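Values quoted throughout were computed directly from the atomic coordinates according to the rules given, and no laboratory measurement underlies them. What you see is a predicted model; the values in this text were computed from it and never measured. Neighbour counts are summed over all protein chains in view; Cβ atoms, including those assigned to glycine, are modelled from backbone coordinates with ideal geometry.
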Amino acid sequence: MILIADGDRVAFAALYRNLAPRLRAFLLLRSRGNATQTDELIQETLLVVWKRASTYDPAKAAATTWVFTIARNRFIDRVRKESRPAPDETDPAFVPAAETAPDDSLELARRARKLHAALETLPQEQRDVLRESYFEGKAQSAVATELGVPLGTVKSRARLAMHRLRAELEES
């Protein structure tokens, strides 16, 4: 392996001649006789050996053990890749969202203006809590830390603000 790590093509050719037939027999058994897949796996395995020969540690295993482990891992990777289910194109996650109808867009804009106007009627402390909690997505404990108030105060302000918003939006 040291020679192969140094780029010695003759040493690699000798390794190839020695291990390719054994790898073929090993992989043919695993792939249930699929010769095309076996040949591809042999090429992939020996390419990895060529590229990563410098990482081989003779203290851990024999060279053949190392090469066969690479072959086995390549085979497992191939089986896993092939056994993945194909994506279901009818899955709603793949279907783009329908465009919003113009009248719906107008209604959404009207509601947004109404909400912003209602938010402006709230005291600043309550607005800050809602902005941090709902619009910025922060946890109430983080809001309490950021504003320098107890968690109970943040919860009370949020509850009061939501109560006032609900009343304001129901009126108009």
Net charge (Lys, Arg +1; Asp, Glu -1) of residues whose beta-carbon lies under 13 Å from that of Val149, Val149 excluded, is -2
Magnitude of the Cβ-charge dipole (Lys and Arg +1, Asp and Glu -1) of the chain about the Cα centre, nearest 20 debye, reported as 1060 debye
The alpha-carbon center of segment 48-95 and that of segment 99-172 are separated, in whole Å, by 51 Å
Taking the chain and counting helices only, DSSP H stretches of n ≥ 4 at -39,500 (n - 2.57) each over all residues, the nearest-500 ellipticity at 222 nm comes to -23000 deg cm²/dmol
To the nearest 0.05, the calculated FRET efficiency linking Val79 and Arg9 through their beta-carbon distance, R0 being 30 Å, is 0.40
One quarter of the C-alpha convex hull surface, i.e. the mean projected area of segment 42-118 in nm², amounts to 12.0 nm²
For the chain, averaging the sequence separation of alpha carbon pairs under 8 Å that lie six or more residues apart and dividing by its residue count, the contact order in percent is 17 percent
In debye to the nearest 20, the charge dipole size for segment 88-172, taken about the Cα centre with +1 at each Lys and Arg Cβ and -1 at each Asp and Glu Cβ, equals 700 debye
Quick calc of log₁₀ I(q)/I(0), the chain, Debye, one scatterer on every Cα, no solvent, q values 0.17 1/Å, result -1.07
Proximal lysine pairs in the chain, meaning Cα under 26 Å and 8 or more positions apart or interchain, come to 5
Of the residues Ala59, Thr69, Ala161, the Cα lying farthest along the dipole of the chain towards its positive end, which is defined by charges on the beta carbon of Lys, Arg, Asp and Glu, belongs to Ala59
